[in-house]
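K.L.:
If you scroll down you'll find the structure; I have some questions about it.
The numbers here are math on the coordinates, done by the rules we state, and not lab data. Only a predicted model underlies this, so the values are computations on that prediction, with no experimental measurement involved. All Cβ positions, glycine included, derive from the backbone under ideal geometry; neighbour counts span all protein chains shown.
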């Protein structure tokens with residue numbers, strides 16, 4: 001007999017009779033659109049009924065091709081209420097990749113925005129939010145699909161930085177646990193208002209949504225991230241929770257006129273996730289949001305973002321620690337010089353069920369119930385965990401292992417450096433050499449030689465960047481992370497030119 005579990009699509013259903021806002025949608029049109037908890041839940045049910053009316057059955061897949069907007073969430077969670085599996089599609093990928101994702105997941109229908117329809121496979125039916133959506137909805141009562149222990153809730157595709165994206169199959173059971181664990185650790189409740197500007201087709205943005213839904217909070221949903229607009233909205237709505245990837249926070253903190261003109265003591269939580277955050281950035285976020293608990297989210301699509309949180313006895317978290325393992329997680333560090341340093345392997349209830357149509361990669365990453373992450377962590381004497389770097393970002397120079405984040409943290413301690421990214425370039429003698437791309441503080445006259453001397457004073461000599469390139473901004477990939485591979489190519493090209 002199949003063990004029944006919570007249907008992930010029903011998180012937040014207990015607030016369905018409330019008329020306070022679940023979503024304040026700033027994504028469509030000039031005026032905010034408020035979607036109450038009652039309307040949100042009714043529309044999720046109407047989506048589920050609409051899919052069943054069109055002949056879709058539990059386990060079949062639909063694609064969502066849309067930027068941030070309330071309807072995206074209604075389709076995502078409504079589909080799961082019918083047992084239909086939504087596939088999150090990154091709209092910034094090329095058409096060829098979007099087509100491949102849809103084929104890989106055997107999508108039967110795409111729901112999304114009219115402007116994005118040309119990116120979808122032309123032979124698949126498409127429901128446009130702007131025209132078809134009202135008729136697609138089938139309002140009425142719904143008995144949600146009774147999810148079994150192994151039933152898949154949704155597919156999330158990795159960013160594909162090392163090739164084609166891989167589709168992680170994530171079960172109702174796994175992500176109901178993830179949502180409940182994250183929301184509980186972060187104390188979400190009905191009084192919270194959270195600004196979400198990260199793309200919700202990516203797991204970082206969708207995890208924020210899950211916390212809001214479990215807590216019965218209100219999300220203020222932005223179409224895209226703009227630093228000044230984000231701060232203006234957070235101020236207007238007195239947001240209690242702010243979130244984003246570290247690059248977003250770095251850009252917000254550059255808006256000094258807004259930051260210094262407002263008191264953000266009502267912000268109780270600031271979450272930084274999706275990429276490592278330097279200790280300098282964490283310190284500045286702490287200073288600007290003085291009453292906020294700062295959370296460095298270490299999340300992995302295949303193994304959840306419900307990994308680290310508060311100490312079970314309430315001990316204060318060291319400033320730059322990821323946190324303490326949350327209940328349900330087993331972690332081990334392998335391949336390092338000690339049991340307290342190495343690549344983290346994870347076993348928890350939130351693990352993926354495998355990759356879509358890729359048993360070889362599934363077997364390579366998951367063995368005996370453990371997921372091999374590729375992320376290098378260290379553990380201090382008390383048991384707190386810290387991020388060191390990606391194993392595939394580490395490079396060797398003159399026999400020394402260089403972890404780029406170590407060098408970037410050191411460089412960003414300089415008062416005139418806003419952001420730094422360190423990448424390797426090939427060298428005939430030392431194998432590789434570190435090169436730095438630097439974003440200077442506004443009006444700074446910082447020179448390459450000053451950066452090098454700062455590095456030589458502050459770190460082992462093999463870490464100092466042999467070349468320094470000043471840029472207005474660091475390039476990011478489709479999910480807001482710094483695009484290291486692009487900078488590696490640029491560094492190689494500049495070195496050859498030099």
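K.L.:
Principal axes first, then extents: for the Cα atoms of segment 273-430, list largest minus smallest coordinate on each axis, whole Å, largest first.
P.N.:
So the extents along the principal axes, rounded to whole Å, are 51, 48, 31.
K.L.:
Taking 0.36 nm per residue of sequence separation and subtracting the Cα-Cα distance, how much length would be gained by fully extending the chain between residue 493 and residue 138, in nm to one decimal?
P.N.:
Working it through step by step, the gained length comes to 122.2 nm.
K.L.:
Provide 185, 192, 132, 19 in ascending order of the number of other Cβ atoms located within 10 Å of each residue's Cβ, fewest first.
P.N.:
Details: 185 18, 192 21, 132 14, 19 9.
Listed from fewest to most nearby Cβ atoms, that is 19, 132, 185, 192.
K.L.:
Right, here's the next one. In degrees, nearest 10, range 0 to 90: what is the angle between the Cα axis of helix 70-81 and the longest Cα principal axis of the chain?
P.N.:
On a 0 to 90 degree scale, this one is about 70.
K.L.:
I want to check the label-to-label distance for residue 30 and residue 392. Put each point 7 Å from Cα in the C-beta direction and report it in nm to one decimal.
P.N.:
Result: 4.7 nm between the two label points.
K.L.:
Would you mind getting me the FRET efficiency between residue 471 and residue 430? Use the beta-carbon distance for r and R0 = 25 Å, nearest 0.05.
P.N.:
The value I calculate is 0.55.
K.L.:
Please report, in whole Å, how far the alpha carbons of the chain spread along each principal axis, starting with the longest.
P.N.:
69, 54, 51
K.L.:
Here's something else I'd like to know. Could you calculate the contour length gain from residue 416 to residue 255, that is, 0.36 nm times the residue separation minus the distance between their Cα atoms, to one decimal place in nm?
P.N.:
In short, 56.4 nm is gained.
K.L.:
Taking every DSSP beta bridge that has both residues in the chain, what percent is antiparallel when rounded to the nearest 5?
P.N.:
55
K.L.:
How big is the Kirkwood radius of segment 149-218, worked out from every pair of different alpha carbons and given in Å to one decimal?
P.N.:
13.1
K.L.:
Per residue of the chain, what 222 nm ellipticity follows from adding -39500 (n - 2.57) for every DSSP H run with n ≥ 4, rounded to the nearest 500?
P.N.:
Rounded to the nearest 500, it is -8500 deg cm²/dmol.
K.L.:
FRET efficiency for residue 17 and residue 229, Cβ-Cβ distance as r, R0 = 30 Å, nearest 0.05?
P.N.:
E between residue 17 and residue 229, to the nearest 0.05, is 0.35.
K.L.:
Continuing with the same structure: Take the Cα of residue 95, step 7 Å along the line toward its Cβ, and report every residue of segment 118-132 whose backbone nitrogen sits under 15 Å from that point.
P.N.:
Label zone hits: 118-124.
K.L.:
Two-decimal Rg/Rh of segment 395-497 from alpha-carbon positions, Kirkwood Rh?
P.N.:
Using only Cα positions, Rg/Rh for segment 395-497 is 0.94.
K.L.:
With each label point set 7 Å from Cα along the Cα-Cβ vector, what nm distance links residue 358 and residue 485?
P.N.:
The answer from the label model is 1.2 nm.
K.L.:
First measure r as the distance between the Cβ atoms of residue 313 and residue 459, then evaluate 1/(1 + (r/R0)^6) with R0 = 22 Å and state the FRET efficiency to the nearest 0.05.
P.N.:
0.05
K.L.:
To continue, here is another question. Can you tell me the length gained on complete extension of the stretch residue 57 to residue 262, counting 0.36 nm per residue apart and subtracting the Cα distance?
P.N.:
Using 0.36 nm per residue and subtracting the Cα-Cα distance, I get 68.7 nm.
K.L.:
Relative contact order of the chain, please, whole-number percent, based on alpha carbon pairs below 8 angstrom and at least 6 residues apart.
P.N.:
Once normalised by length, the contact order is 11 percent.
K.L.:
How many angstrom separate the Cα center of segment 251-307 from the Cα center of segment 105-147?
P.N.:
The distance from the Cα centre of segment 251-307 to that of segment 105-147 comes to 35 Å.
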